[in-house]
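Data first, discussion second: the structure below is written as structure tokens.
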Amino acid sequence: MQLAKQRRHRTTLPLYGRLWGHLQDATVGYGFRPMRAAGWLAGLLLLGTLAFGLHPPRPLKADEAPGFNAFAYALDLLLPIIDFGQEKAYAPQGWYQWLAYLLIVAGWVLATTFVAGVNRAVSRP
């Protein structure tokens, strides 16, 4: 019901609003499909693990940095609250820095959407 309402409302928006609405609908179902957000998080985790596993970032302080773990590093970037100590110890360079930024922003948006969607599903009467 609410999802259909969002889709109808999208038709009344200007072009940029419709495009943003289509993106929200396809990726997370306007927050009504939290498992889509979980799927995107898993896909981005795989992408980050592979990318940083093939090209590990340099440690900020080589003598103090924990051993690099590509999976933990990607997870550290994606999950906004949890800190595995990897993100603060390593500095990616070049396009890998942009990938890190993408993972951070996507992590905030998708993790928030996932938690809100699960909370909505659990709190329904």
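Of the residues examined, Pro92 is one that is buried (at least 17 other Cβ atoms within 10 Å of the Cβ), touching a His at 6+ places or on another chain (Cβ under 9 Å) and touching a residue at least 24 places away in the same chain (Cβ under 8 Å).
The residue of segment 78-99 that is nearest to the chain's Cα centre (by Cα), among those that are under 12 Å from Pro57 (Cα atoms) and of a type in the set (A, V, I, L, M), is Leu99. With respect to the stated conditions, Ala111 is touching a residue at least 12 places away in the same chain (Cβ under 8 Å) and assigned to a helix (DSSP H, G or I).
Going through segment 2-17 one residue at a time, which ones are surrounded by 12 or more Cβ atoms within 10 Å (Cβ to Cβ) and either hydroxyl-bearing (Ser, Thr, Tyr) or under 27 Å from Leu78 (Cα atoms) (or both)?
If the condition is that a residue be surrounded by 12 or more Cβ atoms within 10 Å (Cβ to Cβ) and either hydroxyl-bearing (Ser, Thr, Tyr) or under 27 Å from Leu78 (Cα atoms) (or both), then Leu3, Gly17 are the ones that fit.
Of everything in segment 48-80 that is aliphatic (A, V, I, L, M) and free of Cβ contacts under 8 Å to residues at least 24 places away in the same chain, the residue that is farthest from Thr112 (Cα to Cα) is Ala62.
Among residues that are open to solvent by 40 Å² or more (accessible area, probe 1.4 Å), part of a helix (DSSP H, G or I), within 30 Å of Arg7 (Cβ to Cβ) and without any contact (Cβ under 8 Å) to a residue 60 or more places away in the chain, Gln97 is not included. Exactly one residue out of Asp25, Asp76 is in contact with a Lys or Arg (Cβ under 7 Å, 6 or more places away or on another chain), open to solvent by less than 40 Å² (accessible area, probe 1.4 Å) and in a helix (DSSP H, G or I): that is Asp25.
Taking the listed residues Leu75, Leu19, the one that is of a type outside the set (Lys, Arg) and over 17 Å from Trp108 (Cα atoms) is Leu19, with no other qualifying.
For the condition hydrophobic (A, V, I, L, M, F, W, C), closer than 18 Å to Gly39 by Cβ, under 19 Å from the mean Cα position of the chain (by Cα) and open to solvent by 80 Å² or more (accessible area, probe 1.4 Å), Val109 qualifies.
The values are calculated or read from the model by the stated rules, or taken from the named source; none is laboratory data. Everything numeric in this text was worked out from a predicted model, so none of it was measured. We place every Cβ from the backbone using ideal geometry, glycine too, and count neighbours over all the protein chains shown. Accessible surface areas use protein heavy atoms only, side chains included; no ligands, DNA or RNA. Shrake-Rupley method; radii C 1.70, N 1.55, O 1.52, S 1.80 Å.
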